[in-house]
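S.K.: I am attaching a structure below and will ask some questions about it afterwards.
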Amino acid sequence: MSLEQIRVLVAGHTGLNKLKCIEEHVVPFLLERDADWRAATAKGDQEACSRIRNEQILVLELERAIPSTAYGIIGTPSGRASWMSSFLEMKRTWLSNASKPKYVFLLAHLSFQSESHFYTPITWTHTADDGKISFAFLEFLLDDFKPTFIITLIDDVYSVQARLNPRRHFRLSELLRWRNVEALFADYVMDAIEIRRGDRKSGLFPRLRSPIFSVRQSIYSLITYISDPNVPRIYLSYPITKPLTRWRCCRDRDMIDQINHFRHFFSAKVSSFDPLTINERPIQIALDGVRESEHAKEEQRISTLQRLTAELATALDQTDYTNAKTLLGSINNTLINSCVSDEDLDIRLGEMWPTEDEDTIAPFTPTTQISIKRSEMDEVITKNRAQSVVDRQIRVRDLRLIDQSDCVVIYRPGLSKKDWSTGTQMECSHARASGKAIIILKEIDDAEPMGPFDHKLPAEDVIVIEHPANEDSRKVAFGEALARVKHYSEEFLRRNLR
């Protein structure tokens, strides 16, 4: 494989519209970076545009020829045979392509889920005409396609579920599990490929070739990640809960506007990983509100039962059996009328983090309002946050995004003062333990630049950049942080760490 050719396996569970993501957003972005294509477009030369497109980019969709009915029986012999037929057709297309364009995108599932059971084509075998049995898909990836990167696309599970209904329904818990399984197989295949090729850069950071990307991330971040190692890769860390609370309760956007400025500054200049590009907190916020309401209703129900029971005792003492019978009926109705229901809960996403339109990977507009079954929300959001599936995934995912980065840039907006968010503390600690550099942006009067980790962070591992509390000074500080980021990335490349 030519060093200049970039082959990307794009994985991800159902409902992500991978083909649209690549064809409608990523491909046009790549073509706009080609001077010959821009010139042909300006002249209106459609033939030249088509030729350049074919020379530059090839998109292969493995499951294109699979009937939609096959997905429900994917675990059966007939379902697997349908998949294998589509795979062999795609393989013939790939092997017969003589042009070998610069960018090749292969869109495929690394796992399937049916009836809460998982299947992976990596382990499926194929018997050739000569009787030889092989792990056809795995051997194709290892010996023929040899991807430079395996990208696992992810999205908010409630948005995925809304796009799938009513065609196919997966519970929130099923989609969360599927996301993890898909990323796990991406890591497994990429490990095998790197070890076979002998090009694993470092044992310290093994997931650099199999990153996860939210469809809400910028196209620039994705393209530069796979095509330009000189562009820094950074994780953006900032408080979320407190600014969001101020926005939802008081419509105070000051902290959010500062953070959005920080996010947009870096997303346009580096390959940035932004925790807000995947946000499943709306499920928790909606459920917390419902639970509070249910708790108040339950307290009222208990109070009503206590009153009715006392009245029943009085009626019985007075041998007023007619009234006692009526009270017994009221008590029975109060007992059987539960305060908890499994009705659909509406979630208005417009009340979440406000931001401006961005040039993202996703070809679809974000969902603004969805309805989810209460029972599904209870499965993934427990009252004990430490045991909540969503909270666990948020923690693990954000730390993985740090592993995909060269360094971490922490922004402390002016209004946070001495408060350190739990998430930022965790990210700071993980970056330190992983050997990643940390850059902290803060206002001059912020008395707690490193929070409780102050004594654990040697000066050479942490750069603190202070700035006055105004927009112009923030821009200067962001520019200084960007220069530091570029230095750390150059050091990564010099030490052959990625």
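S.K.: Grab the Cα-Cα distance for SER473 and LYS100, subtract it from 0.36 nm times how many residues apart they are, and report the gain in nm with one decimal. Can you show the working numbers first?
M.R.: Numbers: separation 373, 0.36 × 373 = 134.28 nm, distance 4.83 nm.
Between SER473 and LYS100, full extension yields 129.4 nm more.
S.K.: Once you place label points 7 Å from the Cα toward the Cβ at ASN496 and THR245, how far apart are they in nm?
M.R.: 5.0 nm
S.K.: I want the antiparallel fraction of DSSP beta bridges within the chain, as a percent rounded to 5.
M.R.: Restricted to the chain, the bridges split so that about 25 percent are antiparallel.
S.K.: Only four residue types carry charge here, +1 at the Cβ of Lys and Arg and -1 at the Cβ of Asp and Glu. Report the dipole size of the range 6-200 about the Cα centre in Debye, rounded to the nearest 20.
M.R.: Computed charge dipole of the range 6-200: roughly 160 debye.
S.K.: Looking at the range 6-200, what % of its DSSP beta bridges pair antiparallel, to the nearest 5?
M.R.: Percentage antiparallel, nearest 5: 25.
S.K.: List residues of the range 113-139, by number, whose backbone nitrogen lies under 16 Å from a label position 7 Å along Cα→C-beta of ILE73.
M.R.: Under cut-off, by backbone N: 114-115.
S.K.: In whole Å, what is the distance between the alpha-carbon centres of the range 147-197 and the range 284-309?
M.R.: Result: 39 Å between the Cα centres.
S.K.: Using alpha carbons only, what's the Rg to Rh ratio of the chain with Rh from Kirkwood? The partial results should precede the final answer.
M.R.: Numbers: Rg = 27.2 Å, Rh = 25.7 Å.
Checking Rg against Rh, the ratio lands at 1.06.
S.K.: Moving to a separate point now. Say each of LEU88 and ARG33 gets a label point 7 Å from the Cα, pointing the same way as Cα to Cβ; how far apart are those two points in nm?
M.R.: Spacing of the two 7 Å Cα→Cβ label points: 3.7 nm.
S.K.: If you don't mind, there's one more thing I want to ask. Assign unit charges at the C-beta atoms only (+1 for Lys and Arg, -1 for Asp and Glu), then state the dipole size of the chain relative to its Cα centre in Debye, rounded to the nearest 20.
M.R.: 900 debye
S.K.: Once both labels are modelled 7 Å past Cα along the beta-carbon direction, what's the TYR321-GLU298 spacing in nm?
M.R.: Taking the simple label geometry, TYR321 and GLU298 are separated by 3.8 nm.
S.K.: Taking +1 at the Cβ of each Lys and Arg and -1 at the Cβ of each Asp and Glu, which of VAL189, ALA81, LEU172 sits farthest along the dipole of the range 6-200 towards its positive end, judged by Cα position relative to the Cα centre?
M.R.: Farthest along the dipole direction, towards plus: LEU172.
S.K.: To continue, here is another question. Excluding residues fewer than 8 places away in the same chain, name every one of the lysines whose C-alpha is closer than 17 Å to that of LYS146.
M.R.: Counting by Cα, and skipping residues close in sequence, LYS146 has these lysines nearby: LYS91, LYS100, LYS102, LYS201.
S.K.: I'd like to know which of GLY198, LEU31, MET377 lies farthest towards the positive end of the charge dipole of the chain, counting +1 on Cβ of Lys and Arg and -1 on Cβ of Asp and Glu.
M.R.: Farthest towards the positive pole: GLY198.
S.K.: Going Cα to Cα from LYS242, which lysines come in below 24 Å? Please leave out same-chain ones fewer than 8 positions away.
M.R.: Candidates past the 8-residue exclusion: LYS383, LYS417, LYS418, LYS442, LYS475.
S.K.: Quick check for me: using +1 on Lys/Arg Cβ and -1 on Asp/Glu Cβ, what's the dipole size of the range 284-347 about its Cα centre, in debye to the nearest 20?
M.R.: Taking the Cα centre of the range 284-347 as origin, the dipole is about 380 debye.
S.K.: Continuing with this model, one more query. Count the net charge of all other residues whose Cβ sits under 14 Å from the Cβ of CYS21, scoring Lys and Arg as +1 and Asp and Glu as -1.
M.R.: After counting each charged neighbour, the total is -1.
S.K.: Could you point to the residue in PRO413, PRO211, MET255 farthest towards the positive end of the chain's charge dipole, with +1 and -1 charges on the Cβ of Lys/Arg and Asp/Glu respectively?
M.R.: The Cα lying farthest towards the positive end belongs to PRO211.
Taken together, the values in this text are just the output of simple stated rules run on the coordinates, not laboratory data. For clarity, every value in this text was computed on a predicted model and none was experimentally measured. Cβ atoms come from the backbone with ideal geometry, glycine included; neighbour counts cover every protein chain shown.
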